[in-house]
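Notes to accompany the following structure.
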Amino acid sequence: MLKLISSSRIHRLNPAAVPVLRPAADSASPLLRVLSSLSGLSRNHRYLGGRLFFCSDSSDGVDHVVDAEVKAAEDTTSKASAIVSTYPRPEDYLTVLALPLQHRPLFPGFYMPIFVKDPKVLAALQESRERQAPYAGAFLLKDEPDTDPNVVSSSDTEKNVYDIKGKELFNRLHEVGTLAQISSIQGDQVILIGHRRLRITEMVSEDPLTVKVDHLKDKSYNKEDEIIKATSFEVISTLRDVLKTSSLWRDHVQTYSKHIGDFTYARLADFGAAISGANKLQCQQVLEELDVYKRLKLTLELVKKEMEISKIQESIAKAIEEKISGEQRRYLLNEQLKAIKKELGLETDDKTALTGKFRERIEPKREKCPPHVLQVIDEELTKLQLLEASSSEFSVTRNYLDWLTALPWGEYSDENFDVTGAQKILDEDHYGLTDVKERILEFIAVGKLRGTSQGKIICLSGPPGVGKTSIGRSIARALNRKFFRFSVGGLADVAEIKGHRRTYIGAMPGKMVQCLKNVGTANPLVLIDEIDKLGRGHAGDPASALLELLDPEQNANFLDHYLDVPIDLSKVLFVCTANVVEMIPNPLLDRMEVVAIAGYITDEKMHIARDYLEKTTREACGIKPEQVEVTDAALLALIENYCREAGVRNLQKHIEKIYRKIALQLVRQGETIDAALETGPNTTPEENPVLIESSDSEHMDEDPKDVDESTDIEVAKEREEDKEIEKVLVDKSNLDNYVGKPVFHAERIYDQTPTGVVMGLAWTAMGGSTLYIETTFVEEGDGKGALHVTGQLGDVMKESAQIAHTVARSILHEKEPENTFFANSKLHLHVPAGATPKDGPSAGCTMTTSLLSLALKKPVKKDLAMTGEVTLTGKILPIGGVKEKTIAARRSDVKTIIFPSANRRDFDELAPNVKEGLDVHFVDDYLQIFDLAFGDEKSHNAEN
């Protein structure tokens, strides 16, 4: 605020702009001397325009007093009022041009630059100056109604005061203003010098606004009045205090350019109000006050406020200075301490300590470390010594050396080549999964015969919840290798795998380098999870970046962008997991050895639930084995009616749900028993006097203290026996109380499939399932043979339906040439569960059988399911997912399954418990299926 006042209101006058004036009378009054001592007046006073100017020299102290010598005035009346010696005199001007002031009023003895945008007003001012009448009236502009004078909005600051004219302007002006001398006009800037107070009486003309005025004089007062003297001295004392603390106020005093005659009490009040930072209304109040004592009091209030503001400013500056100086002092002391310690040999500098740390870290690995890596480390250490510690390159080099020296160059963990021990560990962690376990044991056996193991890339594929990730952790435990897992699901940045260049801020190595640093060995087991869900973004293709990492021929010299030195990853065993192998890019899939995990049949799920899931969940819930019993029937119902997925994750969730409810039930029972024991047998002697008598007669010779202790022990034992909680039994009958109503119902819709309906076998990402293919007759007519397909089928299954229709017509013509069913019948083929999208090349033979069943009006054999794709010539092509489809058939109590002949080998590799009780036929031509499905009437009727 003060800075704004000093820069916009108060300026030092150019001496050339002031006309030659008569010198004032003796101005060596006590007040002037005191104020002169405040402001540090220059010893060399000067006369400008015949009047004394206040000037401050920064080199002089505020305590110097300079005697101002002024020539005696010729006319004593001009001593206190006249500023310029012109004719006519200022008091003769009773009609003046009214100039609005927007920000502050103009005080007598000060000057103010204003900008005049109105050309008429500017011309009138110029004309007045040329007529030797350079005077105008300066009046403060009132604020708009309903506005806060202390709040400044952008519209107020941008509004031009000269947009208001005429009567509106007249009504907006304060009545009391200042007679101002027009000192100079430069363009649209007009310099005004304040002389005396005016009061507007009436308006003379509107454009430009001219008003009649009365010249105001201060009310008479007694100069020797003690109260006035005391008030003025307090104003001077406050000014002195402010001048001591604020250099900005000393600048204000320097810019107070002229002084008229004796420095009276009235002019002291004007001086203090003019250089204060008060708002315009407070300043206007001082200007309007003609009582000198009241004016001094108002000025004293304003100056006191400025003193408080100055103190706050000083305290803020001091606090900031102390904070900054404290930090600088601490920094200097730390630097001195480092220098002293270095001179005494107690401590080395940062660079020497860092270099020593890095050399100490790499020394044990020097023999095993590759030569090219050692060369890079030595070069970087030399470079580190030449760099300044404050440079950005220093931190980059330090981080680079930190990574280089932290990696386990040539350090390998001792592997376990004990096949029997590994088999035991794998069996402890997982039930079944024979294929995976055999593959791991083969890896161990090869490593034992070779004496060293070579890293491989194994991909475990299968539906969710079958234990792919936990298998990787078990393999690491069986091989005695460190385990590290990172998921690449949704990964879209190549830098996560290959690292960033060191030129980037915050650059880091890729996941493999981070893995080696974390595990501390060069032969860990790295599990790359969800590799079929790799993303692809603007930062490159991560699938392509994985090619170098997972290629056995290339990963011996894997190059990370950050380290920029080859790393040997050939000893790392990579295990990848995926739900759908088809989603993995072919070049990446080609580098892996895929081990399929089909899922678990009901028997396997029963073993897993009983031996693994139930035990783990019971311990996690804090329940003892003797407190709960879950029957086999309940587990079987849970698996078949709630958890039919190929995996066991959902089964685990349901078992946890059961045990949580059991835990709540046990706690409630315990609280009930505790409450009953507290209110039941614990009676007082007054309530049961007979008991006290009997106990006294029995233990009369005993010490009463011993009797009490034995009684307490017996009561405690009785309470523990009474507190036994009833065992919780979970059976098939009350299972729905724990897990709700069954989610799944029997997949078999028909005990005996009707005409035109055949059961097929399908593979899904969640495992295998059975689905029906239904065909029905719509209408008949000559040449109306057509087929309509529904069930949200994909393009492949729609084409299979067309092929099946053609093959069925061909076989029907061969078996019954006179039958024209397909030629004249419009048929509708539907696959139920229409909300589920279906596609795949393994439903052709099922569709053909369904069409022929409708044409021949014969249902297929009971408990028969089939799968396989048929060609136009009737050949049966192989399919995938044999294990899943077999498991789905067993779940639906299917006894007879038809597979393509090419899938015989896949079925033979299945576990005996999966194949048990199934009558499986392998066919390579559809006519074989025709005989199996429809057969002869006698056997068919016998089975029915």
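The values are calculated or read from the model by the stated rules, or taken from the named source; none is laboratory data. Because the structure is predicted, anything quoted here is derived from the model rather than measured. Positions of Cβ are generated from backbone atoms using ideal geometry, with glycine treated the same way; all protein chains shown enter the neighbour counts. Accessible surface areas use protein heavy atoms only, side chains included; no ligands, DNA or RNA. Shrake-Rupley method; radii C 1.70, N 1.55, O 1.52, S 1.80 Å.
Quick rundown of the values:
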item	result
Hits in the range 400-459 - residues which are part of a helix (DSSP H, G or I), under 44 Å from the mean Cα position of the chain (by Cα) and within 30 Å of V373 (Cβ to Cβ)	Y400, L401, D402, W403, L404, T405, A406
In the range 859-877, the residues that are open to solvent by 40 Å² or more (accessible area, probe 1.4 Å) and either modelled with pLDDT of 90 or more or among the small types (G, A, S) (or both)	L872, T873, K875, L877
Test: residue in the range 478-491 that is more than 30 Å from A598 (Cα to Cα) and polar (S, T, N, Q)	no
Output for the range 520-547, where each listed residue is open to solvent by 20 Å² or more (accessible area, probe 1.4 Å) and in a helix (DSSP H, G or I)	K533, S544, L547
Flag for I662 being surrounded by 18 or more Cβ atoms within 10 Å (Cβ to Cβ) and at pLDDT 90 or above	yes
Members of the range 90-117 that are crowded, with 18+ Cβ neighbours inside 10 Å and in contact with an Asp or Glu (Cβ under 7 Å, 6 or more places away or on another chain)	F107, P108, G109, V116
Residue in the range 758-782 that is nearest to S842 (Cα to Cα), counting only those that are at pLDDT below 80 and of a type in the set (A, V, I, L, M, F, W, C)	A765
Residue count, the range 440-462 (criterion: of a type in the set (G, A, S) and under 23 Å from D529 (Cβ atoms))	4
Matching helices (runs of 4 or more DSSP H) fully within the range 731-832 where at least 3 residues are open to solvent by less than 50 Å² (accessible area, probe 1.4 Å), touching a strand residue (DSSP E or B) at 6+ places or on another chain (Cβ under 7 Å) and touching a residue at least 12 places away in the same chain (Cβ under 8 Å)	795-815
Residue in the range 464-476 that is buried (at least 18 other Cβ atoms within 10 Å of the Cβ), assigned to a loop (DSSP other than H, G, I, E, B) and of a type in the set (S, T, N, Q) present	no
Among (1) at pLDDT below 90; (2) more than 30 Å from R502 (Cα to Cα); (3) part of a helix (DSSP H, G or I) - the single one V595 does not satisfy	(3)
Top-ranked residue of the range 390-399 - restricted to ones that are open to solvent by 30 Å² or more (accessible area, probe 1.4 Å) and in a helix (DSSP H, G or I), ranked as farthest from D568 (Cα to Cα)	S392
Among the candidates S842, S850, S892, residue that is open to solvent by 10 Å² or more (accessible area, probe 1.4 Å) and small (G, A, S)	S842
Pick from the range 287-307, criterion of a type in the set (A, V, I, L, M) and over 58 Å from the mean Cα position of the chain (by Cα), ranking: farthest from Y221 (Cα to Cα)	L287
Selected residue (criterion: surrounded by the fewest Cβ atoms within 10 Å (Cβ to Cβ)) from residues of the range 446-457 that are within 12 Å of L573 (Cβ to Cβ) and modelled with pLDDT under 85	Q454
Filter result for L460 (of a type outside the set (D, E) and surrounded by 21 or more Cβ atoms within 10 Å (Cβ to Cβ))	yes
